[in-house]
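The structure appears below as structure tokens.
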Amino acid sequence: MRVLIIRLSSIGDVILTTPVLKELKKKYPDIIIDFLVMENFKDAISGCPYIDNLILFNKKRHDGLKNMIAFGKKLKLNNYDYVFDLHAKVRSKVISNTIGSKTYTYKKRSLLKSILVKTKAIKYKVDDTIIKNYFGAFKVLGLEYNGEDLTFSFEKKDLEKLETLCIEYDNVPMIAPGASKETKKWTKEGFAQLSKLLYNKYGKKPIIIGSSNEYEMCEEIKNLADGFAINLAGKLTLKESGALLSKARFLVTNDSGPFHIARGVKCSTFVIFGPTSPGMFEYDGKNVLIYLNEPCSPCSLHGDKVCPQKHFNCMKKLNAEMVMEAIEKNGR
């Protein structure tokens, strides 16, 4: 049996498919799994031991209706028994329709619910976790949900890169202050104060990670922390960030990609939620939710540029002492 799984983006959503891949290989050891992802997100899934062939969607070559159909026709030659569309948007639908194999998709929220949340008519409440929804697409193969055991793969060379940084990184606290939308970010002042508290407790400067686009924000946090932090934003690849997290004491992060990378390398995480629903994921003793549960939260599907209520209480009311208390309470 040969199947194609489509999840084009983004970092976190791609990593969240790995529990499904693991269960597929466990139930069907001889299955051939092809995985289609956008080229710029390939590092989120490349090297995954449960994938046989990684297929890349290049936006320059494959985007546009004509190119997507041509791309789908090439994939059709692989004679897939099933296609599982875990993206369920225009690109993936065009490609899967062109392939023509039996296609199954996962349950997404209704259009009406999305409109009502976006217009602030109702608060956002998830129907189920993302991973459970992913598993729902695989009922035809008798696949059963078996928890949120994520996988993020890296190589020995990614660990070796850490040696060139000339910093202490083993068992060091880490923070990831970035996110895709502004309202998903805890305050810079909060992260800065937390950095000081972490240094005072562990005697090690916490390491800040993020993309090159987040460098200035991370540098500001480091300066607000009076230098009691190390800014590595933009200096590591995604794989190197995963390697670094595998050696960390723990990670404090927003609802963002690093949260899932950390879980994928079995790094303890403390994840801060504000406007988005923490019900999208499950939590255990190794992954701890920090959430004030303000009356107006969750108010957004994916976060916004500014707080719809103009007060941003879901993040501003959270202070560094509260986060530190959660860390200490969980024995970290």
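The values are calculated or read from the model by the stated rules, or taken from the named source; none is laboratory data. Note that the structure is a prediction, hence the values are computed from the model and not measured. Cβ coordinates were reconstructed from backbone atoms using ideal geometry, including for glycine residues, and neighbour counts include every protein chain displayed. The protein model used for the area step is the full one, side chains on, heavy atoms only, and it has no ligands, DNA or RNA in it. Shrake-Rupley method; radii C 1.70, N 1.55, O 1.52, S 1.80 Å.
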**Item:** Single unsatisfied condition, CYS267 versus (1) within 26 Å of VAL126 (Cβ to Cβ); (2) open to solvent by 10 Å² or more (accessible area, probe 1.4 Å); (3) in a loop (DSSP other than H, G, I, E, B)
**Value:** (2)
**Asked** Mind checking which pairs have a first residue in region 150-165 that is in contact (Cβ under 8 Å) with a residue 60 or more places away in the chain and a second that is surrounded by 17 or more Cβ atoms within 10 Å (Cβ to Cβ) and of a type in the set (Val, Ile, Thr), Cβ under 7 Å, 6 or more apart or different chains?
**Response** LEU150/ILE15; LEU150/THR18; THR151/THR18; PHE152/ILE15; PHE152/ILE261; PHE152/VAL265
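Answer yes or no: is there a residue in region 302-312 that is within 27 Å of GLY264 (Cβ to Cβ) and not hydrophobic (A, V, I, L, M, F, W, C).
Taking region 302-312 first, the residues within 27 Å of GLY264 (Cβ to Cβ) are 302-303.
If we keep only those that are not hydrophobic (A, V, I, L, M, F, W, C) too, we end up with 302-303.
Yes, there is a match, as at least one residue in region 302-312 is within 27 Å of GLY264 (Cβ to Cβ) and not hydrophobic (A, V, I, L, M, F, W, C).
Considering region 146-182 alone, what residues qualify as being among the hydrophobic types (A, V, I, L, M, F, W, C) and at pLDDT 95 or above?
The answer is LEU150, PHE152, PHE154, VAL172, MET174, ILE175, ALA176, ALA179.
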**Request:** Could you tell me whether LEU198 is open to solvent by 20 Å² or more (accessible area, probe 1.4 Å) and more than 20 Å from the chain's Cα centre (by Cα)?
**Result:** no
**Prompt:** If PHE57 satisfies every condition in (1) in contact (Cβ under 8 Å) with a residue 40 or more places away in the chain; (2) within 26 Å of LYS139 (Cα to Cα) but one, which is the exception?
**Reply:** (2)
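Go through LYS310, LYS286 for me and flag whichever is without any contact (Cβ under 8 Å) to a residue 24 or more places away in the chain, surrounded by fewer than 22 Cβ atoms within 10 Å (Cβ to Cβ) and either touching a helix residue (DSSP H, G or I) at 6+ places or on another chain (Cβ under 7 Å) or on the phi > 0 side of the Ramachandran plot (or both).
Answer to the selection: LYS310.
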**Request:** For GLY303, state whether it is within 21 Å of ILE15 (Cβ to Cβ), at pLDDT 95 or above, surrounded by 16 or more Cβ atoms within 10 Å (Cβ to Cβ) and of a type outside the set (A, V, I, L, M, F, W, C).
**Result:** no
**Request:** Write out, first by first residue and then by second, each pair whose Cβ atoms fall under 9 Å of each other, whose residues are 6+ apart or on separate chains, and whose first residue, in region 73-91, is at pLDDT 95 or above and of a type in the set (Val, Ile, Thr) while the second is outside any helix (DSSP H, G or I) and open to solvent by 70 Å² or more (accessible area, probe 1.4 Å).
**Result:** VAL83/LYS102; VAL83/TYR104
**Request:** Check SER211 against each of (1) within 20 Å of ILE290 (Cα to Cα); (2) small (Gly, Ala, Ser); (3) surrounded by fewer than 23 Cβ atoms within 10 Å (Cβ to Cβ) and name the one condition it does not meet.
**Result:** (1)
